[in-house]
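Laboratory data are not the source of any read-out in this text; all were calculated from the coordinates shown. In this text, all values refer to a predicted model and were calculated from it rather than measured experimentally. In this analysis, Cβ positions are derived from the backbone assuming ideal geometry, glycine residues included, and neighbour counts consider all displayed protein chains.
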Amino acid sequence: MSGHTISSYNVGVMHFLGLGTFKSCQVSISFFKHVLQVGEQAQKMKQAYKLVKSENYREAAIIYLELAEMGYGIASLNLSLLLEKNDVFRTKDTMLGELATKELGPAFDINKQIALKYL
C-alpha cells in the first residue's frame with residue numbers, strides 16, 4: 001500500500017462508509033493506519049526522536065509541543081517525559097518563569113509545569 005496519503009485516507013473513508021465499495025471496518029482501519037504511519041505527523045515524530053537522540057532537547061520539545069496541541073497523544077506523553085527528565089527550558093529565561101519564581105520562590109520549575117499540562 002503505497003501512494004498518496006490523502007488518497008489512502010479517502011479510500012479508508014469510502015470503505016468505512018461503504019461508498020462505491022463494500023463496507024469494511026477492517027479494510028478502512030488498514031488504510032487509516034497507513035495514513036498515520038506515513039503522514040506529516042509521523043515524520044515530525046521521527047524528526048523529534050532523532051533530535052532527542054542527538055540531545056537537542058529544546059528543538060524536540062517544540063516539535064512534540066506542536067504535535068500535542070494537534071491532538072497527537074503519543075507526542076503529549078513524549079513531551080511530558082522529555083520535560084520531566086531534562087532541563088529543556090531554563091526557568092529564569094522565560095517570562096512566566098521569572099514571574100512565578102518571584103511569586104512562588106526558586107523551587108518553581110517551568111519544565112515540570114508544562115509536563116503536568118500534557119500528562
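Tabulated results
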item	result
Simple spin-label estimate for residue 50 and residue 13 in nanometres, 7 Å along Cα-Cβ	3.1 nm
Charge sum, other residues only, whose C-beta stays under 15 Å from residue 13's C-beta, Lys/Arg counted +1 and Asp/Glu -1	+2
